[in-house]
1. Right, residue 161: in contact (Cβ under 8 Å) with a residue 24 or more places away in the chain and among the small types (Gly, Ala, Ser) or not?
2. Would you check if there is a residue in region 102-118 being outside any strand (DSSP E or B) and either at pLDDT below 95 or β-branched (Val, Ile, Thr) (or both)?
3. For residue 86, which of the numbered conditions (1) within 30 Å of residue 19 (Cβ to Cβ); (2) touching a helix residue (DSSP H, G or I) at 6+ places or on another chain (Cβ under 9 Å); (3) aliphatic (A, V, I, L, M) fails to hold?
4. State the number of residues belonging to region 121-142 that are under 26 Å from residue 177 (Cα atoms) and crowded, with 22+ Cβ neighbours inside 10 Å.
5. If a residue has to be of a type in the set (Val, Ile, Thr), surrounded by fewer than 24 Cβ atoms within 10 Å (Cβ to Cβ) and farther than 26 Å from residue 177 by Cα to count, how many in region 72-110 make the cut?
6. Among (1) part of a strand (DSSP E or B); (2) surrounded by 19 or more Cβ atoms within 10 Å (Cβ to Cβ); (3) of a type outside the set (Ser, Thr, Tyr), there is one condition residue 5 misses while meeting the rest; what is its number?
7. Is there any pair with a first residue in region 92-107 that is under 25 Å from residue 124 (Cβ atoms) and a second that is modelled with pLDDT of 95 or more and of a type in the set (S, T, N, Q) whose Cβ atoms are under 7 Å apart and which are 6 or more apart or on different chains, and what are they?
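The values are calculated or read from the model by the stated rules, or taken from the named source; none is laboratory data. Please read all numbers here as calculations on a predicted model, not as lab measurements. Note: ideal-geometry Cβ built from the backbone for every residue, glycine included; neighbour counts use all protein chains shown.
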Amino acid sequence: MPFRFARTAIPDIMMIEPPVVSDERGFFMEIYKRSEFAAQGIAETFVQCNHSKSDRGVLRGLHYQKPPKAQAKLVRAVSGAIYDVVVDLRSGGPTYGKWFAATLSAENQKILYVPRGFAHGFCVISAEAEIFYMMTAEYAPELEAGVIWNDPELAIEWPIAEPVLSPRDRAWPSIVRADNNFSYLDGS
């Protein structure tokens, strides 16, 4: 049974439905198969995996890592549910400043592909959620950056008005002031 890949309104972002085999014992699923992902244009090598747990109302983001360690990501909810948001930071492109959102949950088992040049964040909409991420570059704190979650320029329709934020996530700048050197034209 193959993966199903669906391009979104921002074509570089993909929603992925993994093959799941269920029976009375539970289920088995593949979450990544290099050959199938590469056939759909996701040919990067993933080099770091992270796992986080958060309670309802926690918002993490909007984060990204700058070149030369920019990260593409595969994100999935292992338990619970999140409202996941991706923002295009690539200046000069047709979707610069546009955002895409999807619900990722243990129930729907969907995976979100976030390309390089995009900010990523999510808020927990279940009692708690555990998230598993695969990245194409290792974490480099000196290259970490972000955009404020409630930037009026972006007008993201979050399902929560007063999220629980880290001090760092409260302090990110707007998209127009963000430390961002991504360009649509040069593919970075």
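1. On the way: in contact (Cβ under 8 Å) with a residue 24 or more places away in the chain: no; among the small types (Gly, Ala, Ser): yes.
No: the conditions fail for residue 161.
2. Here is the first cut: in region 102-118, the ones outside any strand (DSSP E or B) are 106-110, 115-117.
Next, only the ones that are either at pLDDT below 95 or β-branched (Val, Ile, Thr) (or both) stay: none.
Checking region 102-118: not a single residue is outside any strand (DSSP E or B) and either at pLDDT below 95 or β-branched (Val, Ile, Thr) (or both).
3. (2)
4. So the count comes out to 3.
5. Initial filter on region 72-110 (of a type in the set (Val, Ile, Thr)): 75, 78, 82, 85-87, 95, 103.
Within this subset, residues satisfying the condition of being surrounded by fewer than 24 Cβ atoms within 10 Å (Cβ to Cβ) are 75, 78, 95, 103.
Those left that are additionally farther than 26 Å from residue 177 by Cα: 75, 78, 103.
Number satisfying all stated conditions: 3.
6. Exception for residue 5: condition (2).
7. 100/8; 106/79
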